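Note sheet for the following structure.
The values are calculated or read from the model by the stated rules, or taken from the named source; none is laboratory data. Every value quoted in this text rests on a predicted model; they were computed, and no experiment measured them. For neighbour counting, all protein chains shown are included, and Cβ atoms are generated from backbone atoms with ideal geometry for every residue, glycine included. Remember, those area values only see protein heavy atoms, side chains included, never the ligands or the DNA or RNA. Shrake-Rupley method; radii C 1.70, N 1.55, O 1.52, S 1.80 Å.
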Amino acid sequence: MSYENIIVEVHGAVGLIRLNRPKALNALNTALIRELNLALGAFSEDPQIGALVLTGSEKVFAAGADIKELQTLTYMDAYLGDAIRTWERLSYFRKPAIAAVAGFALGGGCELAMMCDFILAAENAKFGQPEIKLGILPGAGGTQRLARFVGKAKAMELCLTGRMMDAQEAERCGLVSRIVPSESLLEEALRTAKAIASMSLPIAMQIKDCINSAYETTMTEGVKFERRNFHAAFATQDQKEGMAAFIEKRPAKFVNR
Ligand code: CAA
């Protein structure tokens, strides 16, 4: 499969997708999202792939939805075509996904990064939801995910003013898991993804499901869901292997990898 708007690579058990429309600062147009979804589908089906890294360039992750494409959209086009619906594919990707963000992650770019399981930020990363300055609002989950991840006050301020926050502020408020020196962002993201991909895939998927359910359900129901998943872990060969390896003082070699 050849792509025009993204670059797809395989690094061992890690699938890497680079957003690649440099002249438009990786603005997310329909063609790019279509390609992204195809690549996600291919990595979902590939049993060799245990984790995903989504990144942009050193200068920009993505400057948001393609404004030139949105400019002429009418309400009827948006409503009947269910605009932005297809962007959700990433949030249903079942394997662990890391966003490696350098430079701007604005509007839909920030929203795409938030659909990943966690964000590693380069020192030069800048996050924001500037849609209000365009006379629109975030449309790919920004108001919902940002509010859950950074809290009401910060989400309100960012979405209502459209101001950008730097990597330090993003780390302080919990939007990013870690800041990495810009020159080693991709290397660190791949190293982290490879470490995750060496674990049991079904267990990693269960962890992802459980943590995500913390944003969807009550504490009691969430703890119950976690316990059911915990019980199910004992049905896997990987639990037997992981515990045997610990007792025998050797590295585990998971079967479902
Ligand atoms: N859509 C389309 N083109 C874009 C773009 C976007 N989101 N962002 C940048 N570009 C284009 C510019 O038009 C420009 O193209 P030309 O050379 O043909 O003029 C090129 O990329 C370089 O951009 P700038 O000259 O503006 O670069 P800069 O370094 O001066 O500024 C920036 C960088 C601050 C990111 C600025 O480009 C910017 O503010 N971009 C728009 C950010 C934005 O508003 N994003 C939200 C989009 S709406 C959305 O995402 C809705 C949603 O929730 C789904």
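Things to note:
- Among residues of the range 108-145, those that are over 17 Å from I67 (Cα atoms) and under 13 Å from the mean Cα position of the chain (by Cα), counted: 11
- Given (1) over 22 Å from the mean Cα position of the chain (by Cα); (2) under 29 Å from M205 (Cβ atoms), index of the condition F93 fails: (1)
- Residue that is farthest from A105 (Cα to Cα) [pool: residues in the range 126-140 that are within 8 Å of the ligand (Cβ to nearest atom) and assigned to a loop (DSSP other than H, G, I, E, B)]: I136
- Positions within the range 58-82 being of a type outside the set (K, R), open to solvent by 50 Å² or more (accessible area, probe 1.4 Å) and assigned to a loop (DSSP other than H, G, I, E, B), in sequence order: E58, Q71, T72, L73, T74, G81, D82
- Exclusive hit being hydrophobic (A, V, I, L, M, F, W, C), at pLDDT 95 or above and over 24 Å from R18 (Cβ atoms), set L120, L158: L158
- Complete set of residues in the range 42-57 that are surrounded by fewer than 13 Cβ atoms within 10 Å (Cβ to Cβ) and part of a helix (DSSP H, G or I): E45
- Helices (runs of 4 or more DSSP H) contained in the range 141-194 and holding at least 2 residues touching a residue at least 40 places away in the same chain (Cβ under 8 Å) and surrounded by 13 or more Cβ atoms within 10 Å (Cβ to Cβ): 167-172
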